[in-house]
Amino acid sequence: MEIKRFAVGDAGTNCYLLHCGDGLIVIDPGEIGIRKKLAREKFSKMSVLLTHCHIDHSAGVPELEKDLGAEVYLSKDEFDFFKMGGTLATFLNTDEIDIARPRLLGSRSGVLELYGERIEYFLFPGHTPGSLVYKAGEDLFCGDLLFKNSIGRTDLFGGDEYEMAKSLRGFAAKFGPECRIRPGHMSETDLETELKNNPVLKEYLHYDDLI
């Protein structure tokens, strides 16, 4: 499996491309017109995985779904949030999107078999109610849960600091320090580095009164 990363949209969201044989997995296509950026990629079928539905992670979904026949996966909790205006499109004064045929992931964890690859998913709410982390090998695509030296916001609609604290603790306990963190924004890192150096993560892990 080949992994590519490029920044999309005004927020510089990390969009990831996972080439799996003749299939392409797109994680968080957060830009209108993203189809043009995929013109040089070679694939015959496509799946889209959303870590969460904020517009800076999902803006390109309609064109990939409609024009390229992509299957779009997100958690059931996040789709419920999406239907409540969870993209934040109105808040950001931009057009709302539609997801016509969502493939809803209804359990807290599970496995997707896509194009011969095993993709695990895990529910870690806090940034949004239905945020997912996807694991492919030792790579963790964690959306806006965890960043290099920081964490995702909880002060936006749907955010919950209590849930974020529980999720960060569960995340840190579940995965090995060698796991590569591929976040929704900013630079890539690894869990060992963040456990040692991320001041916000360390605060959540070491102070019981936060949860």
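Nothing in this text is a laboratory measurement; each read-out follows from the coordinates by a stated rule. Here the structure is a predicted model, which is why all the values come from computation and not from measurement. So basically every Cβ, Gly included, is an ideal-geometry build from the backbone, and we count neighbours across all protein chains shown.
Observations
- Taken together, GLY152, GLY137 contain a single residue that is touching a His at 6+ places or on another chain (Cβ under 8 Å) and touching a residue at least 24 places away in the same chain (Cβ under 8 Å), which is GLY152.
- Taken over the range 85-98, the residue count meeting the criterion of being hydrophobic (A, V, I, L, M, F, W, C) and touching a residue at least 40 places away in the same chain (Cβ under 8 Å) is 3.
- Among the candidates GLY33, GLY86, GLY12, residue that is of a type outside the set (S, T, N, Q) and under 26 Å from GLU120 (Cβ atoms): GLY86
- Note on the range 1-81: enclosed strands (runs of 3 or more DSSP E) holding 1 or more residues that are in contact with a Cys (Cβ under 8 Å, 6 or more places away or on another chain) are 2-8, 23-27, 71-75.
- Scanning the range 105-150 for residues that are under 21 Å from LEU18 (Cα atoms), part of a loop (DSSP other than H, G, I, E, B) and among the aromatic types (Phe, Trp, Tyr) yields a single hit, TYR115.
- Per the conditions (1) surrounded by fewer than 16 Cβ atoms within 10 Å (Cβ to Cβ); (2) basic (Lys, Arg); (3) under 15 Å from the mean Cα position of the chain (by Cα), the sole criterion not satisfied by ARG101 is (3).
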